[in-house]
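Derivation of every value follows stated rules applied to the coordinates shown; laboratory data play no part. Everything numeric in this text was worked out from a predicted model, so none of it was measured. Here the Cβ positions follow ideal geometry from the backbone for every residue, glycine too, while neighbour counts run over all protein chains shown.
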């Protein structure tokens, strides 16, 4: 073909798997496993010219692949020039009559975001706080604390509100084995996790178990991180902002007592027109 061509494959049914994740695809096509196969399985090959035929007038960029959750850092692979390339892509859609938007969690931060690494932001959310019972050296693999760790869970997962991460000063530490009896503490630790720096810490320092869900960190309640993220979005100037799971005060309030998120979820979409937000 003489003209530039861009398209992606989209499953027609949930049983059909595309060869490449929808986006800047290198492989166009799909497959259906024999155990799940059925008549009519297939994929759509979508390009900009086809979208209007399906009644589509808006294209969302979903967090994770094109941009990083929390600080909106765009993938260097797909967008080598960052925000500038995102705007160019948006302009192409605009010329064909489509609005473009960002689809992101209302809260939560990627472990690779600048709010987590190399220095975790002071306003990250904390599940519970312990007290370091002795000085801690750089190479120590156990973190002793004054309070009981008997009930600290090591169960984590996409829909589980929990983590095996503690913060002491500016260091994040992964632990495997909280003590079930005195002396209490966290054992089998990996120091300097998530790109932070392993450091010495003095007795009495707070040992904070960090909040995580969806394998992501969460902002705290002082709105410091929220304000910073708002400024990041302002630089992008999308037509639409689609927020998954906003709660007004921590998405995690949708969790039940077991720590699993409830089936009910909420999404708020904000549209930008003439520099004004329209809900």
Next on the checklist: Please give the Cα centre distance for segment 54-83 versus segment 102-150, rounded to the nearest Å.
Outcome noted: 28
Item to check | segment 126-210: relative contact order in percent, alpha carbon pairs under 8 Å with at least 6 residues between | outcome: 43
Checklist entry - Can you pull the percent of Cα pairs in segment 126-210 with separation above 22 Å? => result 15
Checklist entry - How do 127, 213 line up, fewest other C-beta atoms within 10 Å first? => result 127, 213
Checklist entry - Sorting 56, 83, 173 on the 10 Å Cβ count, fewest up front, what's the list? => result 56, 83, 173
